[in-house]
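Report on one structure; see the data block that follows.
The values are calculated or read from the model by the stated rules, or taken from the named source; none is laboratory data. All of these numbers come straight from a predicted model, not from anything done at the bench. A quick note on method: Cβ atoms are made from the backbone with ideal geometry, for glycine too, and the neighbour counts reach across all protein chains shown. Calculation scope for accessible area: heavy atoms of the full protein, side chains included, ligands and nucleic acids excluded. Shrake-Rupley method; radii C 1.70, N 1.55, O 1.52, S 1.80 Å.
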Amino acid sequence: MSLTSAATLATLDRTGPRRITDLAAVEGVTQPAMTALVRVMEESGLVERRGDASDKRVTLVYLTEAGASYVRTRRQAGVHAFERLIGELTGDEVEALVAALPALKHLAELESQDREGPKQ
């Protein structure tokens, strides 16, 4: 799976259903590229398109259970990789990481705000 596909699934997991144009802006790709990507992920059963109940002209992209499972599995693999690597650090290095956690959390929040773009 491409990084853009994985990032799009993660965005849908974090933010809920989105328009293709919103996903394209968040992921930094063109609308036609996102349309093609959504089509492939839809064929793979990771996402589905549904009409927006509040505006019948709009179609939203939803994460399916298979897509949500993929995101959870990928995140868990990352957690296990970091656990293994952190286990190889010295006590002082672990303490330095713990001290840096508030700043790292803030960076993640800032990045998430940038990626999500304007709210609907």
Problem set entry | Qualifying positions in the range 59-72 - touching a Gly at 6+ places or on another chain (Cβ under 8 Å), surrounded by fewer than 18 Cβ atoms within 10 Å (Cβ to Cβ) and of a type outside the set (Ser, Thr, Tyr) | Ala66
Exercise. When residues of the range 43-58 are filtered for being part of a strand (DSSP E or B) and either open to solvent by 70 Å² or more (accessible area, probe 1.4 Å) or among the basic types (Lys, Arg) (or both), how many remain?
Worked result: 4
Exercise. Taking the range 8-36, which residues are hydroxyl-bearing (Ser, Thr, Tyr) and surrounded by fewer than 18 Cβ atoms within 10 Å (Cβ to Cβ)?
Worked result: Thr21, Thr30, Thr35
Exercise. So Arg39 fits all but one of (1) in a helix (DSSP H, G or I); (2) open to solvent by 70 Å² or more (accessible area, probe 1.4 Å); (3) under 19 Å from Arg72 (Cα atoms); what number is the exception?
Worked result: (3)
Exercise. Of the residues Gly91, Gly87, Gly78, which is open to solvent by less than 40 Å² (accessible area, probe 1.4 Å), out of contact with any Gly (no Cβ under 7 Å at 6 or more places or on another chain) and without any contact (Cβ under 8 Å) to a residue 24 or more places away in the chain?
Worked result: Gly78
